[in-house]
Amino acid sequence: MSIIYDRVALIGLGLIAGSMSLAMRRAGLAGRIVGTARSAETREVAREIGLVDEVFETAAEAVKDADLVVLAVPVGAMGSVACEIGPHLKPGATVTDVGSVKRAVIRAVAPHIPKGVHFIPGHPLAGTEHSGPRSGFAELFDNRFCILLPPEDVDAGALADLRALWQGMGANVEEMDPDHHDLVLAVTSHAPHLIAYTMVGVADDLRRVTDKEVIKYSAAGFRDFTRIAASDPTMWRDVFLNNKDATLEILGRFTEELFALQRAIRTGDGDYLFEYFTRTRDIRRGIIEAGQDTEAPDFGRIGKK
Ligand code: NAP
């Protein structure tokens, strides 16, 4: 593949930015990749492992002459980072972000983007429970979706380049409206994370009663909640604070469904439970058919060490 951007600046050097750097290198999509992170420690690790070609001390320095700037910091930090880089952006450059919430990020970032710079928000639907500069890997975005949320008056060339970049990094690109994105993600990601956090919290309370049984028998399903509940606390705090309405809407519906299931159990309504679980099983089949998970038993763990 050929170079799409001569110079890319990554602001934040964690899981997503690190994976982008490795995926861009894999496909030769950028002439030079530079970056910066908030802490001296992360900047040092990034230099040590050669995560990018050059690490700068500040975001203002990093974005100088960059053709593409990627904001890859927690959602709550996007506004202050945009404020810092705004005056240093090259005319004609593109700024994008990878934040998990879109409406709030657009509100925080857009006012700091000068005229003549293209702001095209984005969100790769790919991640793990790990974070930091050592957690990235080149394959993270392979066959995953990346949602772009271009403004109505988007520059067609700038959008085409950003699409090509994500496709070059292995992703399938879709476009969405920010409010719709936030609702869809509340269902598919944000509420499930909150439920996992709750379930693990409940088990933690129970552990005091049942000693180590919760851990010993965790393969029965609990283990999968713990993986999700191990996700970065800063990132997820910011997601909930910034996608309040959609998450609360989905949690309201979740509570209603939970009550309905609770009632079916209490009244012994086996038909209700059976029909409900048949419907949910079909959803799982759909996810596998869409290539978004493996059909292997136990999430592919069987047969692996
Ligand atoms: P990460 O591994 O924790 O990295 C975050 C980076 O942001 C670090 O370099 C960190 O610097 C920097 N940072 C943290 N707080 C900051 C602040 N207040 N000001 C400036 N920089 C700050 O996180 P990540 O998983 O890559 O997530 C980055 C973004 O991608 C988030 O907006 C998240 O919502 C989104 N996202 C995450 C996933 C996922 O599954 N992880 C998936 C899709 C999108 P230090 O290391 O120096 O603290």
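The values are calculated or read from the model by the stated rules, or taken from the named source; none is laboratory data. Worth saying up front: this structure is predicted, and the values here are computed from it rather than measured. All Cβ positions, glycine included, derive from the backbone under ideal geometry; neighbour counts span all protein chains shown. Remember, those area values only see protein heavy atoms, side chains included, never the ligands or the DNA or RNA. Shrake-Rupley method; radii C 1.70, N 1.55, O 1.52, S 1.80 Å.
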Q.
Restricted to Cα positions, what overall size does region 186-229 have along the principal axes? Three whole-Å values, descending.
A. 34, 18, 10
Q) So what is the orientation-averaged projected area of region 203-305, using the convex hull of its C-alpha atoms, in nm²? A) 9.8
Q. If you stretched the chain out fully between Leu258 and Ile215, how much longer would it get, using 0.36 nm times the residue separation minus the C-alpha to C-alpha distance?
A. 13.0 nm
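Packing-wise, with mean Cβ within 10 Å as the measure, how do 267-274, 188-195 rank, highest first?
188-195, 267-274
Using DSSP to call loops (not H, G, I, E or B), can you name the chymotrypsin sites (Phe, Trp or Tyr not before Pro) in region 166-231 whose Cβ has at most 12 other Cβ atoms within 10 angstrom?
Tyr217
Quick one: with all protein chains in place, what share of the accessible area of region 180-267 is carbon or sulfur, to the nearest percent (1.4 Å probe)?
That share works out to 62 percent.
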Q | Taking the convex hull of Cα positions in region 5-176, its mean projected area over all directions (nm²) | A | 8.4
Q: Compute the longest continuous run of the chain that contains no exposed GluC sites (Glu not before Pro); treat a site as exposed when its DSSP state is not H, G, I, E or B and it has at most 15 other Cβ atoms within 10 Å.
A: 153-294
Q: Kindly provide the helix-only [θ] at 222 nm of the chain, computed as the sum of -39,500 (n - 2.57) over DSSP H runs of four or more divided by all residues, to the nearest 500 deg cm²/dmol?
A: -15000 deg cm²/dmol
Q.
Let's see if you can work this out: charge +1 on each Lys and Arg Cβ, -1 on each Asp and Glu Cβ, no other charges. What is the dipole magnitude of region 5-176 about its Cα centre, in debye to the nearest 20?
A. 120
Q: Return the Cα extents of the chain along principal axes one, two and three, sorted largest first, each rounded to a whole Å.
A: 66, 42, 34
Q. If you place +1 on the Cβ of every Lys and Arg, -1 on the Cβ of every Asp and Glu, and leave all else neutral, what size is the dipole of region 180-267 about its Cα centre, to the nearest 20 Debye?
A. 360
Q | Rounded accessible area per residue of region 198-305, 1.4 Å, Å² | A | 77
Q: State the percentage of accessible surface on region 71-115 attributable to carbon and sulfur atoms; use a 1.4 Å probe and exclude ligands, DNA and RNA.
A: 60
(Q) Let me check I have the definition right: for region 58-110, take the eigenvalues of the Cα gyration tensor, multiply each by 5, take square roots. What are those semi-axes in whole Å, largest first? (A) 18, 11, 9
**Q.** Test item: Cα-centred dipole of the chain, Lys/Arg +1 and Asp/Glu -1 on Cβ, debye
**A.** 740
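What is the local net charge at Ala23, summed over the other residues whose Cβ is closer than 9 Å to its Cβ (Lys, Arg +1; Asp, Glu -1)? Display every interim value, and only then the final one.
Numbers: positive: Arg25, Arg26; negative: Glu139, Asp142.
It works out to a net charge of 0.
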**Q.** Selection from Val239, Val184, Leu15, by position along the positive dipole direction of the chain (Cβ)
**A.** Leu15
